[in-house]
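Laboratory data are not the source of any read-out in this text; all were calculated from the coordinates shown. The model shown is predicted, which means the values in this text are computed figures rather than measured ones. Cβ: placed from backbone, ideal geometry, glycine included. Neighbour counts: every protein chain shown.
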Amino acid sequence: MSDLRELYQDLIKDHSKKPRNFRVLEGDARRVEGYNPLCGDRFTIYLDMDGGVVKDVAFQGTGCAISTASASMMTQCLKGKTRAEAEQLFQKFHHLLTGETSEAEEMELGKLAVFSGVRKFPVRVKCATLAWHTLRAALEGAEKTISTE
Amino acid sequence: MKTAMDVLSPEPRLARPAPFDVQRIREDFPILRQKVHGKPLVYLDNANTTQKPQAVLDALSHYYTTDNSNIHRSTHLLSERATEGYETARVKVQHFLNAASSAEIIFTRNATEGINLVASSYGRRHVQKGDEIVISAMEHHANIVPWQILCEEKGALLRVIPISDAGELFLEKYEQLLSPRTKFVSIVQMSNSLGTINPVRDMIAKAHARGIPVLVDGAQAAYHTRVDVQQMDCDFYVFSGHKLYGPTGIGVLYGKKQHLDAMPPYQGGGDMIRSVTFEKTTYNSLPHKFEAGTPHIAGAIGLGAAIDYLQGLGMERVAAHEQELLAYATAALAEIPGLRLIGTAEAKASILSFVLEGMHPHDIGTVLDQEGIAIRTGQHCTQPVMDRYGVPATARASLALYNTKEEIDALVKGIHIVQEVLG
């Protein structure tokens, strides 16, 4: 598979065109905006916590295929996770993107392993992590705009 | 076949200028010979920065190899040669812009610094609370933010000339914006994200009729069209060396002498003073008053070499080649389904900003890069322009004198691959 096909796999294209959990969470949900001023990607992550556990997570905004698919797939794998578990998942995901991942870690990532093609495109790592950085701010309880630049 | 020239010319035919042999010219640019991801480099990111001809690389190398020393200071031979190289470059810039005097040419780091200098020095002195500064909706951030900073400091107002769907200024709106409160106009000659060439000469005349000075941001225009600051009658003109096939870190501010003379210094330091005591400092004459500290000597000399190179080719011939290429590219891109050009002004140059339906510019850029094609994607430091057209970003191919029709064909082929990979 060429580097490009590995980057733009069908699952990623599918999520970028039909993002899941693409909605606003009303009520007490935390709301944090993530912005990349260089490419204009802008997402709002909504996070509803129940005690220390993620009850619901959703997002809205615009971005490239990589950042949109990453945000979409992130929202699918966080429900029911504690803050520490979510943080661990981010670390594993980040290792995957920078090529420091072990096979065992890659297995644990499940569907998120589809982003392994990003490692051949270092400038796109920030696209794949924009939603995740925003989520971390939301987990910390902040209500602010975070930037990847 | 006889041409009109043959028939009408009573005298023996004069040597005509050689045809614009782009393949020959490409040989002057060593960087273009390389492959990227195994494909020949197709460099279409010229509005961002242009590549450098061998003559510029040689001038830099020669300076550092044989003449390097500080200017305007020492009595030794190297310093004399460095000073002469630096000041000769200033005269080359003067002729390139057709300025009345070399004292009106200030070396800066880039166009951005030139605008900041004027906003800070001229602006602070002349703009007061309630005054207005007029810019346009197609300005680069470099021609927005310095004026916003000034307005915030002084309690002045920034007024913005709106643009049409095609990317042209509404000139009647411009005239309506000019009022007794207007203290300054700062406009771009050629838009970096739309390619629009603005009728700056007319706009300047309208401002001058009301006694308002005008700065023209020539960062994009200066390497595509012949610039004549006296004919244009602008009060200030700025451009960057690195877009003009010269080195990074060197730029130019032209200012009319009467303005520059009356303006306070921008930065203090060595070279910009005549005498310094702890009680009182007197400033140096123009242009040195605005060049504090050791400047980018090599950069100025490199810029001089770039100007020589461009003038050797002839700005009119360069412009004609680029216009032909732009027309070819515009027609080729128009045939691609789902592609929308942003910026379709009647008077435009070199810039092809576009969006593809359902595809983000950033993804377009990644796929094209794998094909060896370098373009820029994003907001191009013109976020208000993106907002105006309701797009988060665009993909932008921008042309220079060394680009070819074959490279446009490669771009079109690349866009088809983008649609296949991302579709």
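Summary of computed values
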{"item": "Rounded FRET efficiency, nearest 0.05, which uses the C-beta distance separating B:SER69 from B:GLN311 and R0 of 22 Å", "result": "0.20"}
{"item": "Selection from B:LEU169, B:LEU286, B:GLY85, by position along the positive dipole direction of chain B (Cβ)", "result": "B:LEU286"}
{"item": "Loop-located GluC sites (Glu not before Pro) in region B:353-418 whose Cβ has at most 15 other Cβ within 10 Å (DSSP)", "result": "B:GLU357"}
{"item": "Neighbourhood charge, 13 Å Cβ-Cβ cut-off, centred on B:ARG181 and excluding it, Lys, Arg +1 and Asp, Glu -1", "result": "+3"}
{"item": "Relative contact order [Cα under 8 Å, 6+ residues apart], chain B, whole percent", "result": "22"}
{"item": "GNM result for chain B, Cα springs below 10 Å: residue of B:ARG124, B:ARG274, B:ARG109 fluctuating most strongly", "result": "B:ARG274"}
{"item": "Pairwise label distance in nanometres, A:ASP28 with B:GLN267, each label 7 Å out on the Cα-Cβ vector", "result": "5.4"}
{"item": "26 Å Cα-Cα threshold exceeded, pairs from A:LYS13/A:LYS120; A:LYS120/B:LYS243; A:LYS126/B:LYS413", "result": "A:LYS120/B:LYS243; A:LYS126/B:LYS413"}
{"item": "Low-density loop cleavage sites - GluC sites (Glu not before Pro) in region B:251-325, where at most 10 other Cβ are within 10 Å (DSSP)", "result": "B:GLU279"}
{"item": "For chain A, calculated [θ]222 nm from helices alone, where every DSSP H run of n ≥ 4 adds -39500 (n - 2.57)", "result": "-12500 deg cm²/dmol"}
{"item": "Structure-based [θ]222 nm, chain B - -39500 (n - 2.57) summed over DSSP H runs of at least 4, per residue, nearest 500", "result": "-11000 deg cm²/dmol"}
{"item": "Dipole magnitude of the protein assembly as shown, debye to nearest 20 (Cβ charges: Lys/Arg +1, Asp/Glu -1, about Cα centre)", "result": "560"}
{"item": "Separation of the A:LYS18 and B:LEU157 label points, Cα + 7 Å toward Cβ, nm", "result": "5.1"}
{"item": "Value of relative contact order over region A:3-143, rounded to a whole percent, pairs C-alpha under 8 Å and six or more apart", "result": "30"}
{"item": "Whole-angstrom gap from region A:39-75 to region B:336-391, using each part's C-alpha centre", "result": "26"}
{"item": "Hits among aspartates and glutamates - C-alpha to C-alpha of B:LYS129 under 14 Å, sequence gap 8 or more where chains match", "result": "B:GLU152, B:GLU153"}
{"item": "Choice from A:LEU11, A:LEU38, A:LEU78 showing the highest fluctuation, given a GNM over chain A with Cα pairs closer than 10 Å", "result": "A:LEU38"}
{"item": "Net charge, B:LEU422 excluded, C-beta distance under 10 Å - Lys, Arg +1, Asp, Glu -1", "result": "0"}
{"item": "Furthest towards positive pole of dipole, B:ILE351, A:HIS15, A:VAL125, structure part the protein assembly as shown, Cβ charges", "result": "B:ILE351"}
{"item": "Modelled FRET efficiency - R0 30 Å, B:ASN98 with B:VAL22, Cβ distances, 0.05 increments", "result": "0.65"}
{"item": "Antiparallel bridges, percent of DSSP beta bridges restricted to chain B (to nearest 5)", "result": "60"}
{"item": "DSSP bridge pairs, the protein assembly as shown: antiparallel proportion in percent, nearest 5", "result": "70"}
{"item": "Rounded FRET efficiency, nearest 0.05, which uses the C-beta distance separating B:HIS416 from B:GLU87 and R0 of 51 Å", "result": "0.45"}
{"item": "Among B:HIS126, B:HIS140, B:HIS224, residue whose mean-square fluctuation peaks in a GNM of chain B (springs only between Cα atoms under 10 Å)", "result": "B:HIS126"}
{"item": "Loop chymotrypsin sites (Phe, Trp or Tyr not before Pro), region A:90-122 (other Cβ atoms within 10 Å of the site Cβ: 10 or fewer; DSSP)", "result": "none"}
{"item": "Cβ-based net charge around B:GLY85, under 14 Å, with every Lys or Arg adding one and every Asp or Glu removing one", "result": "-3"}
